[in-house]
Amino acid sequence: MAGIDVRAIGYYHFARGPVADVSTLISRTGYTGEDGFELYVPWNETERVWLALLDAGKKVDVGPIGLGARDTLRLEMRYALYGNDIDQTTNPLEAGLGWVVKPAKGDFIGKPAIERVRAEGLRRKLIGLEMADRSVARHGYSVLAVGRRVGEVTSGTFGPSVEKSIAMAYVETPLAAVGTAIDIEIRGQARPAHVVKTPFHPSHVKR
């Protein structure tokens with residue numbers, strides 16, 4: 001990235017500069033919990049930049065990963081996936097994303113809805129959970145409390161970094177406290193789990 005000191009780019013900030021002689025928007029963001037960058041280039045220059053990065057990274061064993069690896073990493077960081085953990089039926093407060101909306105800063109689309117939810121209180125919350133065994137809670141599985149359905153798993157996998165089966169789920173607010181024992185219905189059986197603090201793995205992002 002000649003001409004750009006990427007160390008000077010702050011977290012959630014960006015700069016423009018050449019990468020492999022291609023004009024690039026360099027953003028200090030990411031979806032894995034590692035300190036890194038996302039690159040935005042013209043579509044017809046993508047292959048050129050991709051090959052240049054792989055070639056430059058050979059000496060430090062840089063290699064591509066797939067969506068499966070990215071999904072486990074983002075879940076370990078409690079990063080929400082649209083279509084799973086958040087969608088048009090959720091609001092940022094119940095999803096733990098209240099920090100992205102600032103009602104005090106002025107008007108915006110959806111502000112009245114956010115203020116109404118805040119005033120009425122949250123009926124459900126997105127929580128992190130850990131299975132008591134190596135059972136994997138998948139998207140759509142029911143969350144149970146004393147045999148009663150109280151929520152639904154939004155994302156779940158075996159976390160290779162934490163070596164535990166982890167998941168996120170929406171549950172009724174009274175059941176969202178860390179340490180609460182719940183069950184996940186897996187193939188017709190109630191498998192034990194409990195609510196844990198998130199993220200599941202420490203972030204390596206430099207803020």
Return the total of residues in region 158-187 being in a loop (DSSP other than H, G, I, E, B) and of a type in the set (A, V, I, L, M). 4
Report whether or not Leu81 is in contact (Cβ under 8 Å) with a residue 60 or more places away in the chain, touching a helix residue (DSSP H, G or I) at 6+ places or on another chain (Cβ under 9 Å), on the phi < 0 side of the Ramachandran plot and not acidic (Asp, Glu). yes
Among the residues of region 31-53, which ones are touching a Pro at 6+ places or on another chain (Cβ under 9 Å) and more than 24 Å from Ser161 (Cβ to Cβ)? Trp50
Would you mind telling me which numbered condition in (1) surrounded by 11 or more Cβ atoms within 10 Å (Cβ to Cβ); (2) closer than 25 Å to Ala190 by Cα Val146 fails? (1)
Yes/no for Gly140 being more than 26 Å from Arg187 (Cα to Cα), assigned to a loop (DSSP other than H, G, I, E, B) and under 23 Å from the mean Cα position of the chain (by Cα): no
With the checklist (1) touching a strand residue (DSSP E or B) at 6+ places or on another chain (Cβ under 9 Å); (2) assigned to a loop (DSSP other than H, G, I, E, B); (3) modelled with pLDDT under 95 in hand, flag the one item Gly17 doesn't pass. (2)
Give the residues of region 20-66 that are without any contact (Cβ under 8 Å) to a residue 24 or more places away in the chain, charged (D, E, K, R), surrounded by fewer than 15 Cβ atoms within 10 Å (Cβ to Cβ) and not in a helix (DSSP H, G or I), sorted by residue number. Asp21, Glu38, Asp61
Apart from one, (1) more than 20 Å from Asn84 (Cα to Cα); (2) part of a strand (DSSP E or B); (3) touching a residue at least 60 places away in the same chain (Cβ under 8 Å) all hold for Ala190; the odd one out is (3)
Just the residues that are farther than 21 Å from Arg123 by Cβ, of a type in the set (S, T, N, Q) and modelled with pLDDT of 95 or more, please, taken from region 162-207. Ser165, Gln189
Answer yes or no as to whether Gly98 is under 30 Å from Thr180 (Cβ atoms) and either in contact with a helix residue (DSSP H, G or I) (Cβ under 6 Å, 6 or more places away or on another chain) or exposed (fewer than 11 other Cβ atoms within 10 Å of the Cβ) (or both). no
Taking the criterion of being surrounded by fewer than 17 Cβ atoms within 10 Å (Cβ to Cβ), within 16 Å of the chain's Cα centre (by Cα), among the hydrophobic types (A, V, I, L, M, F, W, C) and not in a strand (DSSP E or B), would at least one residue in region 107-119 satisfy it? no
Of everything in region 4-29, what is of a type outside the set (S, T, N, Q) and in contact with an Asp or Glu (Cβ under 6 Å, 6 or more places away or on another chain)? Give them in sequence order. Val22
Go over the candidates Leu73, Leu129 one by one and state the one that is over 30 Å from Thr24 (Cβ atoms), modelled with pLDDT of 95 or more and surrounded by 14 or more Cβ atoms within 10 Å (Cβ to Cβ). Leu129
Here the qualifying pairs (Cβ atoms under 7 Å; residues six or more apart or on different chains; first in region 93-105 and over 20 Å from Pro199 (Cβ atoms) and touching a residue at least 12 places away in the same chain (Cβ under 8 Å); second in a helix (DSSP H, G or I) and among the aliphatic types (A, V, I, L, M)) come out as Val101/Ile114; Pro103/Ile114
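The values are calculated or read from the model by the stated rules, or taken from the named source; none is laboratory data. Here the structure is a predicted model, which is why all the values come from computation and not from measurement. No Cβ is skipped: glycine too gets one built from the backbone with ideal geometry, and neighbour counts run over all protein chains shown.
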